[in-house]
Amino acid sequence: MTRHASRIGTALALAILAAPAWAQRATGSSVAPLRIEKQGSFFVGGHDVHSDTLSSTATRVPTGTITVDQVYVRYQIPVGATGNPVTFIHGCCLTGKTWETTPDGRMGWDEYFVRKGRGVYVVDQASRGRSAANPSAINSVKTAKTAADQLPPIFAVSHEDAWTRFRFGPEYPKTFPGLQFPLDAQTEFWKQLVPDWIESLPTPNPTVPALSELAQRLDRTVLISHSQSGIYPFQTAALSTTGIAGIVAIEPAACPAATDGTGPYTKMPILVLFGDYVGLSPLWAARLRSCREFVQVVNKSGGHAELVALPDVGFHGNTHMLMQDDNSLDIADILLDWIGKHVTTEH
């Protein structure tokens, strides 16, 4: 365990002891009314494309212009907001729902961070949720204007596949001992999964330049990513560090390669966070090793990066979906404590 991780663990233990009961396991009946100064939604990014295959039905006009690659953003600003706002970016096969009410009805991180005084922005990745996808390629094949092998790759993750990828257990439906995920509400979690278009989109994902636009608009936000989107804040920083106050990558599917140079990443504090059972998953164990190498290189280059594995600071049983686990608010406190200590509002 690093010295940084040790300090986080000590500070968190004190914070938990002092926290009110609702901060440990909030319910709708035990929480004070939420005080919002303003809330709303908007889009960032996007561009127009002209297509002759917008429809494959006789009842719709197939030719015209649509806007694609835009990213939907929903926000809430509390009364008396302090510190930098945070931007939550969901992962594979999911939407911004990731950060909302947990499957068993507990408070999500979007609300909790607002209650802690932070402005909160939640996005739907490009071609996901309320960020529209482009149907032209599919309709082009269906109307025989292009060959079948030109169909864009789209996938959905099954319950069985998600079970092991999200580390609920070694195989479906077995569970790891001490699991923190609310399995009684598993059916509600499955409803969150949606088709994923990422393999049909360019690299970097259109979400990345949209995040850069958002960061500049917010003027110093903390980008908090998860899983598939874990690499996005780093790719955003590589485009421009303007507006990025800090990066929190939660179980990123990838960290930047340690050999790719660290220039942009030395200009902001970085926290990489992993849950439990990582060593039991070859997929996630390899990703953890890669992120450790990245963090070491950033620090050798004069940056400030930390990697925290939750079992090392006394938290066990956390899955890949740790923002929905039974102790999700305790994990949120780790992030809030780290942001408060390391992320400044100064330019």
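The values are calculated or read from the model by the stated rules, or taken from the named source; none is laboratory data. The structure displayed is predicted, hence computed values, not measured ones. Note that each Cβ is placed from the backbone with ideal geometry, even for glycine, and that neighbours are counted across all protein chains shown. We work out accessible area using only protein heavy atoms, side chains counted, and drop any ligands, DNA or RNA first. Shrake-Rupley method; radii C 1.70, N 1.55, O 1.52, S 1.80 Å.
Write out, first by first residue and then by second, each pair whose Cβ atoms fall under 7 Å of each other, whose residues are 6+ apart or on separate chains, and whose first residue, in segment 212-235, is free of Cβ contacts under 8 Å to residues at least 60 places away in the same chain while the second is open to solvent by 10 Å² or more (accessible area, probe 1.4 Å) and of a type in the set (Ser, Thr, Tyr).
Taking only residues 6 or more apart or on different chains, the pairs are 212/240; 216/242; 234/265.
Go through segment 152-175 and report how many residues are surrounded by 19 or more Cβ atoms within 10 Å (Cβ to Cβ) and either in contact (Cβ under 8 Å) with a residue 40 or more places away in the chain or among the acidic types (Asp, Glu) (or both).
Residues in segment 152-175 being surrounded by 19 or more Cβ atoms within 10 Å (Cβ to Cβ) and either in contact (Cβ under 8 Å) with a residue 40 or more places away in the chain or among the acidic types (Asp, Glu) (or both): 4 in total.
Which ones in segment 120-129 are surrounded by 22 or more Cβ atoms within 10 Å (Cβ to Cβ) and in contact with a helix residue (DSSP H, G or I) (Cβ under 8 Å, 6 or more places away or on another chain)?
120, 121, 122, 123, 124, 125, 126, 127
Please list, ordered by first then second residue, the pairs with beta carbon atoms under 7 Å, 6 or more apart or interchain, first in segment 89-112 and under 21 Å from residue 254 (Cβ atoms), second acidic (Asp, Glu) and surrounded by fewer than 22 Cβ atoms within 10 Å (Cβ to Cβ).
Here the result reads 92/196; 93/196, each pair linking segment 89-112 to a residue that is acidic (Asp, Glu) and surrounded by fewer than 22 Cβ atoms within 10 Å (Cβ to Cβ).
Give the residue that is surrounded by the fewest Cβ atoms within 10 Å (Cβ to Cβ), with candidates limited to residues of segment 139-151 that are without any contact (Cβ under 8 Å) to a residue 60 or more places away in the chain and not in a loop (DSSP other than H, G, I, E, B).
The selected residue is 149.
Considering only residues of segment 57-83 that are more than 20 Å from the chain's Cα centre (by Cα) and open to solvent by less than 40 Å² (accessible area, probe 1.4 Å), which is nearest to residue 109 (Cα to Cα)?
78
For segment 26-45, how many residues are at pLDDT 95 or above, open to solvent by less than 30 Å² (accessible area, probe 1.4 Å) and within 22 Å of residue 331 (Cβ to Cβ)?
0
Identify the residue in segment 236-267 that is over 30 Å from residue 177 (Cβ atoms) and touching a residue at least 60 places away in the same chain (Cβ under 8 Å) and, among all such residues, is surrounded by the most Cβ atoms within 10 Å (Cβ to Cβ).
If we take residues in segment 236-267 being over 30 Å from residue 177 (Cβ atoms) and touching a residue at least 60 places away in the same chain (Cβ under 8 Å), then 245 is surrounded by the most Cβ atoms within 10 Å (Cβ to Cβ).
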